[in-house]
1. I'd like the full set of residues that are touching a Lys or Arg at 6+ places or on another chain (Cβ under 9 Å) and among the aliphatic types (A, V, I, L, M), limited to the stretch 138-183.
2. I need a count of the residues in the stretch 209-233 that are more than 22 Å from V31 (Cβ to Cβ) and not polar (S, T, N, Q).
3. Residues R220, R252, R244: which one is closer than 28 Å to I74 by Cα and either of a type in the set (D, E, K, R) or at pLDDT 85 or above (or both)?
4. Please work out which one of (1) among the polar types (S, T, N, Q); (2) modelled with pLDDT under 85; (3) assigned to a helix (DSSP H, G or I) is the condition T85 fails and give its number.
5. Take Y15 and tell me if it is of a type in the set (F, W, Y) and modelled with pLDDT under 85.
6. Can you confirm whether M205 is out of contact with any strand residue (DSSP E or B) (no Cβ under 9 Å at 6 or more places or on another chain), crowded, with 24+ Cβ neighbours inside 10 Å and over 16 Å from G91 (Cα atoms)?
7. Consider the stretch 129-150. How many of its residues are modelled with pLDDT of 85 or more and loosely packed, with under 10 Cβ neighbours inside 10 Å?
8. Quick one: I262 ticks every box in (1) at pLDDT 80 or above; (2) within 15 Å of the chain's Cα centre (by Cα); (3) closer than 24 Å to V12 by Cα; (4) not small (G, A, S) except a single one, so which number is it?
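The values are calculated or read from the model by the stated rules, or taken from the named source; none is laboratory data. What you see is a predicted model, and the numbers here were worked out from it, not measured in a lab. Glycine also receives a Cβ, built like all others from the backbone with ideal geometry; neighbour counts cover every protein chain displayed.
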Amino acid sequence: MTVLAFTLILLVSAYLAGLLGSLTGLGGGVVVIPVLTLGFGVDFHYAIGAALVASIATSSGSGSAYVKEGITNIRLGMFLEIATTIGAVVGAIIAVWLNNSTIAIIYGCVLILTAAMQQRRKSDHDGVVGSDLARRLKLFGTWPQRDGSMKAYQLRGVGGGFSVMLLAGVLSGILGIGSGVLKVIAMDGIMKVPFKVSTTTSNFMMGVTACASAVVYIQRGNIVPGIACPVLIGVLFGALTGARLLKKLDVRLLRQIFCIAILLVAFNMIWQGWTGQLG
């Protein structure tokens, strides 16, 4: 295969990954890493480096849009970024010493958790009484409703949420996928932040977390322009296309089908990692 053919196929694959990731809410990185490793045989460390670069681009684009809409809790995001940034640097350093098989098993487990989280009920957590610590840190906020009004919310479990965010950062550094599922667990499950606010704030945070990890990967030479650039362009344009289609399509069936596909990929990765087929 020539370099041009490889680049074009990679560009199209990344576009489809970004499109599917946007329509299903899982993010392009979740799709692009299996495509690179299982489809193209790219080493996990280089695939993660490319996914981190793509995460920075997509988070910057979609994150800014959510900030303009007033949904994202910027103060909460910046506070939790302390944990995820520290965790991301630690995770990136750990990843350097892990072989492909170990990373594949961890990645498969996270994919299973991600698919399971897609099936849980979304909640706005009405009537939550906020904690004193959250009040002192001024983490409460408001978010816009369909009728144009603003709805106030409070939150709690700051310590527990911060701890889970630290773990999310470590996994993000190891896997390069932003670990949005753990961030949503921390904010939605533990801190009782409304689901839409937690997902948009997680998206806002993802780029910063990826930047912290990317620094380590760049220093180690694991971000290869020939792989990262087509992935970045493809995922970015795929995500933008998906965001436009999302307003017009009913993607509930697609999400169910995609969750099954994600589970199959997850079990395949765990099996290949367990049997040592990925090195």
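1. If the condition is that a residue be touching a Lys or Arg at 6+ places or on another chain (Cβ under 9 Å) and among the aliphatic types (A, V, I, L, M), then L139, L155, V164, M165, A168 are the ones that fit.
2. Taking the stretch 209-233 first, the residues more than 22 Å from V31 (Cβ to Cβ) are 212, 215-216, 218-221.
Applying the additional criterion that residues be not polar (S, T, N, Q) yields 212, 215-216, 218, 220-221.
Within the stretch 209-233, residues that are more than 22 Å from V31 (Cβ to Cβ) and not polar (S, T, N, Q) number 6.
3. Details: R220 fails: closer than 28 Å to I74 by Cα; R252 fails: closer than 28 Å to I74 by Cα.
Of the residues listed, the single one that is closer than 28 Å to I74 by Cα and either of a type in the set (D, E, K, R) or at pLDDT 85 or above (or both) is R244.
4. For T85, the failing item is (2).
5. No, not satisfied.
6. yes
7. Residues in the stretch 129-150 being modelled with pLDDT of 85 or more and loosely packed, with under 10 Cβ neighbours inside 10 Å: 2 in total.
8. Every listed condition holds for I262 apart from (1).
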